[in-house]
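Participant: This is the structure I have questions about; it appears just below.
Read-outs throughout are calculated quantities, based only on the coordinates presented, and are distinct from any laboratory measurement. Given the structure is predicted, the values throughout are model-derived calculations rather than measurements. Cβ placement follows ideal geometry from the backbone for every residue including glycine, while neighbour counts extend to all protein chains displayed.
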Amino acid sequence: MSLISSWLRIVAGTTVMALGVLVWCVVMVVLLPSRTLRARACNVFGKTVLRTMVWISGCPVSITGREHLDGQRPAIYVSNHTSILDIFITAWLTPMGTCSIAKKEVIYYPFFGQLYALSGHFRIDRGNREKAIASMKAIAERARKHTLSIMLFPEGHRSRDGRLLGFKKGVIHLAVQTGLPVIPIVMTNVHNAWQTKSMSLGRVPIGVTILPPVDTSKWEDQDIEVSLNELRQVFIDALPESQMPLAKKAAA
């Protein structure tokens, strides 16, 4: 029965996603001349369709620290990444005017990827260091110009076992270039809800803790390793032992 329930929820979620993407793609085409408006329209998609996806999952979500999601002040939101569900949760929770950063391959994800390609949000080529650096500079410039917040997963890819991975340096470069504070979003138990490459969707409690802003005003590129380790330690201190890294890993 639990397997049937899981499949039914996945089918329901896929149907909602497909219908939502169809509607929002029309909106994206209408708003094609304005990247900023497309990005904000996609924020609405996150707060409606993707929030519904989280509800369909059947996982109760406990949120603490929501007062730190201040839409009046731009910030860089960062979260650990263990499942597609945490993509939905961050899109739901982050304030309007937040642009996400994803790998360029995101456009190949069924339904969601096609909308993302039209959304005005950002993609980077992780396999090409020079292009990735150039993309980060362009993102920082756009964030400053249009007073945008940024959302990214600093590990770069999902953790299969839920344990925190090493952080990529891009988050520090963005903070230095924009001067924005970093707000950590710590997810717990999401990997047990919907595991990578699995068709089983469990009803498990998910914890979301939004921590106070991390001041980045003294961060500098020459101290990138120190800042990166300090930020990663904030996550380690907030995670349960089962999601802590097994061993200290050097920053990627």
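Participant: Assuming 0.36 nm per residue, please report the length gained on full extension of the stretch D221 to H146 beyond their Cα-Cα distance.
Facilitator: Residue separation times 0.36 nm, minus the Cα-Cα distance, leaves 24.6 nm.
Participant: For region 2-17, what does the Karplus curve 6.51 cos²θ - 1.76 cosθ + 1.60, with θ = phi - 60°, yield as ³J(HN,Hα) per residue in whole Hz, taken in order and with x for Gly and Pro?
Facilitator: Rounded to whole hertz, the list is 5, 5, 5, 4, 4, 5, 4, 5, 5, 5, 4, x, 5, 5, 4, 4.
Participant: How far apart, in nm, are two points set 7 Å out from the Cα along the Cα-to-Cβ line at I236 and at L19?
Facilitator: 4.7
Participant: Then there is this: Which of K47/K137; K137/K168; K103/K218; K104/K218; K47/K168; K47/K169 have a Cα-Cα distance over 22 Å?
Facilitator: K47/K137; K103/K218; K104/K218; K47/K168; K47/K169
Participant: Points 7 angstrom from Cα along the Cβ direction at N192 and I63: gap in nanometres?
Facilitator: 2.2
Participant: Rounded to the nearest 0.05, what FRET efficiency do D161 and T48 have when you use their Cβ-Cβ distance and R0 = 35 Å?
Facilitator: Values: r = 32 Å, r/R0 = 0.91.
So, using R0 = 35 Å, E works out to roughly 0.65.
Participant: Additional query: Please work out how much length the chain gains when fully extended from Q177 to R35, using 0.36 nm per residue of separation minus the C-alpha to C-alpha distance, in nm with one decimal. Provide the component values of the computation, followed by the final result.
Facilitator: Details: separation 142, 0.36 × 142 = 51.12 nm, distance 2.13 nm.
49.0 nm is the gain from fully extending Q177 to R35.
Participant: Could you compute the FRET efficiency for Q72 and V26, with r as their C-beta to C-beta distance and R0 at 22 Å, rounded to 0.05? Display every interim value, and only then the final one.
Facilitator: Working: r = 31 Å, r/R0 = 1.39.
For R0 = 22 Å, the calculated efficiency reads 0.10.
Participant: Suppose only helical runs count, i.e. DSSP H with n ≥ 4. What mean residue ellipticity at 222 nm does that imply for the chain under -39500 (n - 2.57) per run, divided by all residues and rounded to the nearest 500 deg cm²/dmol?
Facilitator: On the way: 8 runs with 106 residues, N = 252.
When only DSSP H runs of four or more count, the value is -13500 deg cm²/dmol.
Participant: Continuing with this model, one more query. Ordered by residue, what ³J(HN,Hα) values in Hz, to whole numbers, does region 161-175 give under the Karplus form 6.51 cos²θ - 1.76 cosθ + 1.60, where θ = phi - 60° and Gly and Pro are x?
Facilitator: Using θ = phi - 60°, the values come out as 9, x, 7, 5, 9, x, 9, 7, 7, x, 4, 6, 4, 4, 5 Hz.
Participant: Next question, about the same structure. Using the Karplus equation 6.51 cos²θ - 1.76 cosθ + 1.60 (θ = phi - 60°), what ³J(HN,Hα) coupling, rounded to whole Hz, does each residue of region 46-55 give in order, writing x for Gly and Pro?
Facilitator: Computed from phi, the couplings for region 46-55 are x, 7, 10, 5, 6, 5, 4, 4, 5, 5 Hz.
Participant: Okay, moving on. Pick out which of L148, L32, L239 has the largest mean-square fluctuation in a Gaussian network model of the chain, springs linking Cα atoms closer than 10 Å.
Facilitator: Evaluated over the chain, the most mobile residue of the options is L32.
Participant: With a cut-off of 8 Å between alpha carbons and a minimum separation of six or more residues, what is the relative contact order of the chain in percent?
Facilitator: With pairs under 8 Å counted, the relative contact order is 25 percent.
Participant: Then there's this: Find out how many positive minus negative residues lie around V27, taking Lys and Arg as positive, Asp and Glu as negative, among other residues whose Cβ is under 13 Å from that of V27.
Facilitator: In short, +2.
Participant: If you place +1 on the Cβ of every Lys and Arg and -1 on the Cβ of every Asp and Glu, how big does the dipole about the Cα centre of the chain come out, in debye to the nearest 20?
Facilitator: That gives the chain a dipole magnitude of about 680 debye.
Participant: Can I ask one more? Given a 10 angstrom Cα cut-off, can you work out which residue in K103, K145, K169 is the most mobile in a GNM of the chain?
Facilitator: K145
Participant: What relative contact order, as a whole-number percentage, does region 58-202 give when Cα pairs under 8 Å and 6 or more residues apart are counted?
Facilitator: This gives 37 percent for region 58-202.
Participant: A further question on this structure: Pick out which of R126, R158, R51 has the largest mean-square fluctuation in a Gaussian network model of the chain, springs linking Cα atoms closer than 10 Å.
Facilitator: Of R126, R158, R51, the most mobile in the Gaussian network model is R126.
Participant: Given H placed 1.01 Å from N in the peptide plane, which residues other than close sequence neighbours of R160 have an amide H under 5 Å from its amide H?
Facilitator: So R160 has HN proximity to no qualifying residue.
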